[in-house]
Amino acid sequence: MTRPNTITIETCGAIDILTLNRPAQLNAVSPEMIADLTAYFSGLNDRPATRVVIFHGNGPEFSAGAELGSDAFAAGGKGRPQRQLKMQQNYSGVIRLMRSCPQPIIGLVHGAACGAGFSFLLACDVRFAAPDARMNAAYIRIGVGGCDMGSGYLLPRLVGLSVASEFLLTGRFIKADRAKAIGLVGDIVPVEQLLAKGLEFAAEMLRVSPMGLRMTKQALNMLIDAPSLDAALMMEDRQQVILLETDDHAEAVAAFRERRDPGYSDQ
């Protein structure tokens, strides 16, 4: 018997809408969902026609976090640490794939985004929230460390170490208003308008050159950890020289001079 997919993918031109699709379980993250997300994000490097991904959840919550009763927690007995490490790496591997895929990811959060769901949002490039959004690194509340699935790396870089410590050391919730105030989400919109907001922002991304968009995400990932200004400038210089040689750069300049929209070929 074929198991149901835990996610759905809807393609709208150059935009993929990825939906966590376990609404009856509040989109709790199971090993099967991790496998589906891994397969999806692994394939994006070979899909340049997909230029932007929108990531949201079906049902009343974005995601309640890891499904505690699932096989995500290895049974006792000999070899348990090894089995648990493999499972842990499967979960954290989704975060690595989200950050390394060339497509920017727009996260749309409504309701609760806990634990693994919170980490999925942190791994997105841009986030928008509904007024009822509430997010937390729930890991520390179940007796493990608050830094998990990239939260200890990504959250301090998004909001600063002091604010990140406030949430990672307690597991307390970040509600929509606070999330916007600290820069964790870009805007708060009514839940019924959340997908439209994501599509509107994705459409704005589609107005830039495809290779320029991909390389900007790549550069931001590298520059956040650049050891010096000189290292950052060297990386930016090389990116710009590559992009200056593309047909799309010439098209963008021509379109600007002719006061028209450019027609990009990704060449």
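Consider the range 25-60 and keep the residues that are of a type in the set (Asp, Glu) and surrounded by 13 or more Cβ atoms within 10 Å (Cβ to Cβ). The one that is farthest from residue 204 (Cα to Cα) is 32.
Condition check ((1) surrounded by 12 or more Cβ atoms within 10 Å (Cβ to Cβ); (2) of a type in the set (Asp, Glu)) across all residues:
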| site | (1), (2) |
| --- | --- |
| 229 | no, no |
| 233 | yes, no |
| 238 | yes, no |
| 244 | no, no |
| 249 | yes, no |
| 254 | yes, no |
| 258 | no, yes |
| 263 | no, no |
| 266 | yes, yes |
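If you go through the range 8-24 and pick out every residue that is surrounded by fewer than 16 Cβ atoms within 10 Å (Cβ to Cβ) and touching a helix residue (DSSP H, G or I) at 6+ places or on another chain (Cβ under 6 Å), you end up with 0.
Summed over the range 129-165, residues that are surrounded by fewer than 16 Cβ atoms within 10 Å (Cβ to Cβ), farther than 19 Å from residue 92 by Cα and free of Cβ contacts under 8 Å to residues at least 24 places away in the same chain total 4. Exactly one residue among 27, 45, 5 is in contact with a helix residue (DSSP H, G or I) (Cβ under 9 Å, 6 or more places away or on another chain), in a loop (DSSP other than H, G, I, E, B), in contact (Cβ under 8 Å) with a residue 12 or more places away in the chain and more than 20 Å from residue 128 (Cβ to Cβ), and that residue is 5. Taken across the range 79-93, residues that are in a loop (DSSP other than H, G, I, E, B) and modelled with pLDDT under 95 do occur, with at least one present.
Conditions tested, residue by residue: (1) more than 17 Å from the chain's Cα centre (by Cα); (2) buried (at least 16 other Cβ atoms within 10 Å of the Cβ); (3) on the phi > 0 side of the Ramachandran plot.
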{"position": "171", "(1), (2), (3)": "yes, yes, yes"}
{"position": "198", "(1), (2), (3)": "no, yes, no"}
{"position": "205", "(1), (2), (3)": "no, yes, no"}
{"position": "209", "(1), (2), (3)": "yes, yes, no"}
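Inspection of the range 221-239 identifies at least one residue that is closer than 30 Å to residue 111 by Cβ, touching a residue at least 12 places away in the same chain (Cβ under 8 Å) and not β-branched (Val, Ile, Thr).
In the range 88-128, the residue that is farthest from residue 65 (Cα to Cα) out of those that are out of contact with any helix residue (DSSP H, G or I) (no Cβ under 8 Å at 6 or more places or on another chain) and not polar (S, T, N, Q) is 96.
A quick yes/no check of all residues on (1) at pLDDT below 95; (2) under 30 Å from residue 135 (Cα atoms); (3) hydrophobic (A, V, I, L, M, F, W, C); (4) part of a helix (DSSP H, G or I):
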residue	(1), (2), (3), (4)
167	no, yes, yes, yes
177	no, yes, no, yes
183	no, yes, no, no
195	no, yes, yes, yes
200	no, yes, no, yes
215	no, yes, yes, yes
251	yes, no, no, yes
261	yes, no, no, no
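The values are calculated or read from the model by the stated rules, or taken from the named source; none is laboratory data. Since this is a predicted model, take the numbers as computed values, not measurements. Neighbour counts are summed over all protein chains in view; Cβ atoms, including those assigned to glycine, are modelled from backbone coordinates with ideal geometry.
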